[in-house]
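Let me give you the structure first, and then I'll get to my questions.
The values are calculated or read from the model by the stated rules, or taken from the named source; none is laboratory data. Every value quoted in this text rests on a predicted model; they were computed, and no experiment measured them. Please note: Cβ atoms are built from the backbone with ideal geometry, for glycine as well, and neighbour counts cover all protein chains shown. For the accessible areas, the whole protein counts, side chains as well, though only heavy atoms, and no ligand, DNA or RNA atoms are used. Shrake-Rupley method; radii C 1.70, N 1.55, O 1.52, S 1.80 Å.
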Amino acid sequence: MNPPRPLSLLCELTYRCNLQCAYCYNPVALDEYRDELSTEQWSTVLQQAADLGVVQAHFSGGEPTLRRDLPSIVAAASRSGLYTNLITQGTFLGDALLDRLIESGLNHIQISIQAPQAEMADHIAGAAVHDRKLTAIERVRDRNVALTVNCVLHRFNHDAIEGVIALAETLRITRLELANTQFYGWAYRNRGALIPTRRQVEHGERIVAAARERLRGRMEISYVFPDYFDEFPKPCMNGWGRQFITVAPNGYVFPCPAAATITTLQFENVRGRGLAEIWRDSDSFSRYRGTAWMSEPCRSCPRRELDWGGCRCQAFLLTGNAGATDPVCSLSPDHASIVALRDPQGKDEPIPRRA
Amino acid sequence: MNVDTRPQYAKGVKLRHEGDGSAMLLVPEGALELNQAAAAALDLVDGSRSLDDIVAAIVARFEVSRERAQLDVTDLLERLNARGFIILR
Ligand code: SF4
Ligand code: SF4
């Protein structure tokens, strides 16, 4: 099968971070990721991606601004003709760094907040950073670069959605993303503590729908529904090996940012092989590309090219078989394990992420 | 929106031409595929040309009536405006 053209490259520049969000999707064991790619290696990867047809580069982590060479990496992406997007928690976005990033051609910045008020937000982040984030948001808003504010939702802040929207309004934000936690990495470890309740999910949907209506034309609100409460899975990455490439801090190449969890696949590294070959020929990218690998119930399902059988990483995490139907799907034989989580009891404190 | 409206790109929105004549609109966290006519219209969006100017250029370039072109361009710009990618003023 002829591989499709990838459109998007996620560069996870480092997994280092000064915060401790319990919902972090970074891997739990970080030792093997400390040997980070150099500036030159990232420049090469970006050019290889552009040659393959990629149009957008996203820089995340960890906290990508902890890389001192971030402006040089952004500049390399711009030179390769790529649209550039920085995904940051904003605690280091001072005037000087921001100006250098914009001079380097940065097109868009996404800054995350944890909650509407400092007390709750700082508790979730594990550090007193809320006010600094708000200052960074205002700095970005007033400059010539696009801005999205993001808030990851879970049981501890789900009831504060309205407050998050109000804060975004006060800050005159035009793009807001409210994204329910995806349970990978640290977040998977904290799944029982973080998963929202059914009542929260229903309430959240009503709040978002009303706010969208009220703010039409002023604020674009995107909402990532918690897939554990859905009937069908998300079309994860728009299909394995179809549009997205993720490169980890140490150069490993993944079809999805959570794919390192799949221990039954062997992944390749940009230090050993070119990105184009990895995209086209590697077993890791080919294995779940398209629909030929599917078994029932996906194989004969009319939705198989809509959701591509859901998320391979989630299938592996929950069933031990990365080729299974995503258990989030109501047609999966393993779906009962998801339904059982929808009425979480008690208030376990989640374990903060460790660096 | 009327004939004197001068559309312009919102921050972080860029038109990208592909070798094969097609184009994409790059927006924060995504890319929208454009057909040839849409790309031609968006190519002219610069904050100084009016809707009227853009429609006239489309009529001169494609075999299309003025009415049709005006409807299509207006529809395109209004849809992009609703998503915050194009500013109308
Ligand atoms: S989710 Fe929190 S801990 Fe994880 S990288 Fe982002 S800011 Fe750091
Ligand atoms: S059976 Fe497979 S293809 Fe059908 S809806 Fe469920 S996950 Fe999607």
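Using a 1.4 angstrom probe on the protein heavy atoms only, line up A:ILE113, A:ILE87 by accessible area, largest first. Walk me through the numbers before you get to the answer.
On the way: A:ILE113 5, A:ILE87 50 Å².
Most to least solvent-accessible, the answer reads A:ILE87, A:ILE113.
Sketch the reach of a paramagnetic label on A:ASN321 as a point 7 Å from Cα along Cα-to-Cβ, and name the residues of region A:286-300 whose backbone nitrogen lies under 18 Å away.
A:287-289, A:291-300
Strictly greater than 31 Å: what percent of every Cα pair in chain A meets that?
34
Using a 1.4 angstrom probe on the protein heavy atoms only, line up A:TYR228, A:TYR223 by accessible area, largest first.
Sorted descending by solvent-accessible area, the residues read A:TYR223, A:TYR228.
Quick one: buried accessible area between A and B, total over both chains, 1.4 angstrom probe, nearest 100 Å²?
In total, this chain pair buries about 1300 Å².
Tally up the carbon and sulfur contribution to the accessible surface of the protein assembly as shown as a whole percent, 1.4 Å probe, everything protein left in place.
Percent of accessible area from carbon and sulfur atoms in the protein assembly as shown: 49.
Taking the alpha-carbon distance from B:LYS14 and a cut-off under 13 Å, which aspartates and glutamates remain once sequence neighbours fewer than 8 residues away in the same chain are dropped?
The qualifying aspartates and glutamates are B:GLU29, B:GLU33, B:ASP43, B:ASP46.
Moving to a separate point now. Per residue, how much space in cubic angstrom lies within the convex hull of the C-alpha atoms of region A:26-179?
Cα-based convex hull of region A:26-179, divided per residue, equals 124 Å³.
Could you give log10 I(q)/I(0) at q = 0.17, 0.22, 0.27 Å⁻¹ for region A:225-302, computed by the Debye formula over C-alpha point scatterers of equal weight, without solvent?
Values returned for q = 0.17, 0.22, 0.27 Å⁻¹ are -0.73, -1.07, -1.37.
Setting aside same-chain residues fewer than 8 positions from A:LYS347, which aspartates and glutamates have a Cα under 16 Å from its Cα?
Once the sequence-local aspartates and glutamates are set aside, what remains near A:LYS347 is A:ASP159.
Counting each DSSP H run of 4 or more residues in chain A as -39500 (n - 2.57), what helix-only mean residue ellipticity at 222 nm follows after dividing by all residues, to the nearest 500 deg cm²/dmol?
Rounded to the nearest 500, it is -9000 deg cm²/dmol.
Could you work out, for chain B, what percent of all Cα-Cα pairs fall into each 5 Å distance bin, beginning at 0 Å and stopping at the bin that holds the largest distance?
Taking all Cα pairs of chain B, the binned fractions are 3, 15, 28, 26, 19, 8, 2, 0 percent.
Tabulate in residue order the Karplus-calculated ³J(HN,Hα) for region A:306-313, using 6.51 cos²θ - 1.76 cosθ + 1.60 with θ = phi - 60°, rounded to whole Hz; enter x for Gly and Pro.
Result, ordered by residue: 9, 10, 6, x, x, 9, 5, 5 Hz.
If you don't mind, there's one more thing I want to ask. Only protein chains counted, 1.4 angstrom probe. Which residues of region B:5-41 are at least 30 Å² less accessible in the assembly than when their chain is isolated?
Correct list: B:LYS11, B:GLY12, B:LYS14, B:ARG16, B:MET24, B:LEU26, B:PRO28, B:GLU29.
Starting from the amide H of A:TYR223, placed 1.01 Å from N in the peptide plane, find each other amide H under 5 Å away whose residue is 5 or more places distant or on another chain.
A:LEU178
With every protein chain in place, what's the accessible area of B:ASP72 (1.4 Å probe, Å², nearest 10)?
Roll a 1.4 Å probe over it and B:ASP72 shows about 80 Å².
Enumerate the whole-percent occupancy of each 5 Å bin, from 0 to the last occupied one, for all C-alpha pair distances of region A:75-118.
5, 21, 26, 22, 13, 8, 4, 2, 0
So, one more: For B:ASP46, what accessible surface area do you get with a 1.4 Å probe? Give it in Å², rounded to 10.
So the heavy atoms of B:ASP46 present about 80 Å² to solvent.
Given a 1.4 Å probe, how much area per residue of the protein assembly as shown is accessible, in Å²? Don't skip to the answer; put the middle values down first.
Details: 19270 Å² over 444 residues.
Per-residue value: 43 Å².
Sticking with this one: Antiparallel DSSP bridges in chain A: what percent, to the nearest 5?
Taking every DSSP beta bridge with both residues in chain A, the antiparallel ones total about 10 percent.
Sequence-distant or interchain residues sharing an amide H contact under 5 Å with A:ARG175, placed H: which?
A:VAL149, A:GLU220
I would also like to ask the following. Mind checking which aspartates and glutamates have their C-alpha under 15 Å from A:LYS234, skipping anything on the same chain fewer than 8 residues away?
Result set, ordered by chain and number: A:GLU305, A:ASP307, A:ASP326.
Another question, if that's okay. Along region A:47-57, what does the Karplus equation 6.51 cos²θ - 1.76 cosθ + 1.60 (θ = phi - 60°) give for ³J(HN,Hα), rounded to whole Hz, x for Gly and Pro?
Whole-Hz 3J(HN,Hα) from phi for region A:47-57: 5, 4, 5, 4, 5, 7, x, 4, 10, 10, 10.
For region B:16-28, just list the computed ³J(HN,Hα) in residue order, Karplus coefficients 6.51, -1.76 and 1.60, θ = phi - 60°, integers in Hz, with x standing in for Gly and Pro.
Per-residue couplings from phi come out as 10, 8, 9, x, 8, x, 7, 8, 10, 9, 8, 10, x Hz.
Could you work out how far the C-alpha centroid of region A:158-229 sits from that of region A:1-64, in angstrom?
Centre-to-centre distance over Cα atoms comes out at 25 Å.
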